[in-house]
Amino acid sequence: NISISFTVEGIKRELGQTLDSTGLTIWRASEHLCQYIVDNYEMFINKQIIELGGGLGLVSILLDKLNSLSNLSIESRYPIVCSDGDLPTLELLDKNIQLTNCSNYLHAEKLYW
């Protein structure tokens, strides 16, 4: 059984609230995707991954944590790229990567898609 715990910073989205950027909050879909990844983590270990519209980084941070728990040598790990096109979201994403003590294999990148 895998147990990973971390906290990310963002804006709590209230029902009916409009945010300036959709990336500043956690969406239910990312929570469900995280559960799927934990349930099927073997499929995601040491894969080349780019997350489009990664927002606060929940999914990418989880993937980085899973890779850190694996028995992979440091030299054989692939990087994980978490992208977003919104500057305030990217700033918060960078902060969350640092706050969660992610490895040097997780990178935040600006990408419009």
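The values are calculated or read from the model by the stated rules, or taken from the named source; none is laboratory data. Since the structure is predicted, the reported quantities are computational estimates derived from the model, not experimental observations. So basically every Cβ, Gly included, is an ideal-geometry build from the backbone, and we count neighbours across all protein chains shown. Ligands, DNA and RNA are excluded from the accessible area calculation, which covers all protein heavy atoms including side chains. Shrake-Rupley method; radii C 1.70, N 1.55, O 1.52, S 1.80 Å.
A simple rule links phi to the HN-Hα coupling: the Karplus curve 6.51 cos²θ - 1.76 cosθ + 1.60 with θ = phi - 60°, which for segment 98-103 gives 5, 5, 9, 6, 6, 6 Hz, with x for Gly and Pro. Ranked from largest to smallest solvent-accessible area, with a 1.4 Å probe on the protein heavy atoms, Glu75, Glu42 come out as Glu75, Glu42. Counted residue by residue at 0.36 nm each, then reduced by the alpha carbon distance between them, the extension gain from Leu111 to Leu52 reaches 20.5 nm.
A 1.4 Å probe run over the protein chains yields, for segment 57-113, 54 Å² of accessible area per residue, whole-number rounding. Annotation: lysines with alpha-carbon distance below 17 angstrom to Lys65 (same-chain offsets under eight excluded): Lys47, Lys95. With the simple model of a label 7 Å out from the Cα in the direction of the Cβ, Ser21 to Asn101 spans 2.7 nm. All Cα-Cα separations within the chain were binned at 10 Å from zero, giving a P(r) of 14, 47, 31, 7, 1, each value a whole percent of the pairs.
For the pair Ile11 and Leu69, a Förster radius of 41 Å applied to the C-beta separation gives a FRET efficiency near 0.90, rounded to the nearest 0.05.
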